[in-house]
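> Here it is, the structure, as structure tokens.
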Amino acid sequence: MLFEYGSVADERESLKSYNDYVAGLVADQEATMKSIQNDINGVDALRQGVVPLMFKMVDALEQFVALDLPFNTETRVERVENLKNLLNSAEVTLAEKYRLILDAYSIEREYGSFVAVKTGQLELNGKEVLVDFFNLGRVALYAQSLDGKSAWMYNDETKGWDPLDDSYLRELTKGIRIARKQGAPDLFSLPIPAAEAAQ
């Protein structure tokens, strides 16, 4: 009986140690679960703040495109419309929506430093004229007739096209050739709109 008592006492101590160990694990798991739940609650609060921000970002981008020089207008307006439709789609994750909005902002930022030429129609006095549109970043937008004899500069205030002095025709042709990589990079002189005072 004494031997059995000793064996039971040893087993009791062993079980007590094991129970203390398991209780410690359970307490640690409960603390981890509480921390995760706090993180989840924080995500909900973050989502509630991010969603209105994304709508504001898309609205600001739409307004920016409308007020900017009229280049690549169709593509840029379509990009904004796609973002607006995307915001109301349940199939795209919030993170992906945010990434696409940032991509659109990045593309708009790059437009500020690019020089490009695109052939298209320019309406002047009720007539369509085939021209090369020369885009000097966000600084200025020009148009030159394909025969190189006439040119215009976009006036952002009147939203129309002002005739460009004939003395700039060669310089504009030079800029167009450089943009098309048909000429070596070089300086050229063109009039640019005056900077507006900040408000």
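The values are calculated or read from the model by the stated rules, or taken from the named source; none is laboratory data. In this text the structure is predicted, and so the values were computed from the model without any measurement. Here Cβ is always computed from backbone atoms with ideal geometry, including for glycine, and neighbour counts include all displayed protein chains.
> Name every residue in the range 73-111 that is of a type in the set (Gly, Ala, Ser) and at pLDDT below 90, in order of residue number.
Ser89, Ala90, Ala95
> Consider only pairs whose beta carbons are under 8 Å apart and that are at least six residues apart or on different chains; among these, list those whose first residue lies in the range 108-123 and is of a type in the set (Lys, Arg) and whose second residue is modelled with pLDDT of 85 or more and assigned to a strand (DSSP E or B).
Cβ pairs passing all conditions: Lys118/Asp132; Lys118/Phe133; Lys118/Asn135.
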